[in-house]
Amino acid sequence: MMLKHIKASSIRWQIAASAIVPVILVAFLLILTQPLTLYQPESLSYARATALKIEMVTEQVRAADTPEQLAGLLAIVSDTGLRLEEVPTTELTPDPTQPIPRNDPRQLVRNNLPDSITTSFRNDTSTGTLRNVLVVDTGDGRAIAFLPPPAPAAPWITEKQINLTLKVMVVILPILLVSLYAASTITAPLLKFAAAAETLRPDEGPDRPFDEDGAAEIHTLAKSLNDMRSRVRSMIEDRTRMLRAISHDLRTPLTRLRLRAERSNQPELKASFLADIAALSDMIDDSLIYLSKEMGAEKLLNTDLPSLLETVCADFKDMGYDVKYSGPERFAYHCKPRWLARAVTNLVENSTKFAHQITVTLSAFQGRSVRISVQDDGPGLPAELRSRVLEPFFKVDTARTSSDRTGFGLGLSIVDDIVRAHGGSTELLNASPHGLIVHIDLPAEDASSIFTMPQLKSDAARATA
């Protein structure tokens, strides 16, 4: 409950808490870990172990009643690696001729012996058998000279460095956790917003796609975005209803006009009337198609693209246009066939207004990506207008536009929408020496069978076969 309350608090307070809490944790943990020694170096373990062994031997020497027991004890201890011998108690007097360095093994061992044990450092014993020994008073009028084994090599990192490193890790870990929590709490909702905005469509999807939870500012932002989306969707729906109603209501007077024009006894006037009525009807059809929601509902089907494109070309041939197909005889592709045929039809129809010869080409590539090209021998388009003609309601006043051509400028926009709905792209290029080429590039599909490149065959080649 408390965590939920923190997440719902203001970002200002979350940022302040993220800055203050680590400082408090650092101070608190430094206080707790200050007296701790978290690591014991190898040399210190060696000194303690040797000191414990010397202390134990000292106790056993005190317990030895006869010289034979003492000799046997010394022999046993020597076999363990700790060399020793009995020396006179006069050896307990320190040898002032040579100072003992702090890192001397004898000094390390001496620092770990109890204060109640009397010791001294000697460079030589009276017997001369051992050198650089630690002489220990056994407390019964005897003294034992010990030669500690060499200390192990010094570690590459000191005790202070290790302890400091461990303390810093103890401090940094909670700071890191607090920082990660703060980052996720503050940035996670924003990343969700970005992801939702990437896939958001103004007229599709849930009414309120942005989660209205998290910090107070995030909640306010999400609510504002959801409200804005509702207003945009309402505006789009109102505009769509209005345009559909207008387009639908215009069909009735157009039908009456067509019937009256058909009864006209003046051929020239009749042809002009019918041409204008056909232009208005085409404009209405384009607007209804552009506003249609049926494209998303059509299912993807495994379609023979050559048959689809040949059908489009044949329809225009029947109307007297010089339109031909070039490409493979058979090639199956997963698409929305009715709408893809509409896109190619729009391109060919646009070319028939400005050109005499049109070629529709299908190119299939390894990996099952597809390119459909519509090329004409018309005047082409300036480079600065090739992207703008794909925008809805945009019409150019160039060589590709004549005064007797009318329309809303939706034909190429509908093509681009259909291609993008298939995950593809549309590109317009000028042909050489003149003309326009429109490339429709469709992405590769997931094919379960092995792909084989189809045999390309033009209309002329098929006609001679």
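Just so you know, all these numbers are worked out from the coordinates, no wet-lab data involved. These figures come from a predicted structure and were not determined experimentally. Please note: Cβ atoms are built from the backbone with ideal geometry, for glycine as well, and neighbour counts cover all protein chains shown.
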Unit charges on C-beta of K, R, D, E only; dipole of region 42-147, Debye: 360
Theoretical FRET efficiency, 1/(1+(r/R0)^6), r = Cβ-Cβ of residue 317 and residue 199, R0 35 Å, to 0.05: 0.25
Trypsin sites (Lys or Arg not before Pro) lying in DSSP loop within region 42-130, provided at most 11 other Cβ fall within 10 Å: 102
Alpha-carbon Rg/Rh ratio, for region 233-289, with Rh computed the Kirkwood way: 1.16
Estimated FRET transfer efficiency (residue 259, residue 282; beta-carbon r; R0 25 Å; 0.05): 0.85
Estimated FRET transfer efficiency when R0 is 41 angstrom, pair residue 131-residue 169 (beta carbons, to 0.05): 0.40
Gained length - residue 60 relative to residue 115, 0.36 nm times residue gap less alpha-carbon distance: 17.9 nm
Positive-pole candidate from 255, 243, 271, dipole of region 233-289, charges at beta carbon: 255
Label-point gap, in nm, between residue 385 and residue 220 - each point 7 angstrom along Cα→Cβ: 4.9
Which of 310, 86 has the fewest Cβ neighbours within 10 Å, and the rest in rising order: 86, 310
Table column - 3J(HN,Hα) (Hz), region 100-111, Karplus curve with 6.51, -1.76, 1.60, x for Gly and Pro: 9, x, 5, 8, 5, x, 5, 5, 5, 5, 4, 5
Size of electric dipole in region 233-289: Cβ of Lys, Arg +1 and of Asp, Glu -1, about Cα centre, debye, nearest 20: 240
DSSP-loop trypsin sites (Lys or Arg not before Pro) across region 297-376, with at most 13 other Cβ within 10 angstrom: 299, 330
Region 42-147: radius of gyration over Cα atoms, expressed as a fraction of 2.2 N^0.38 Å: 1.00
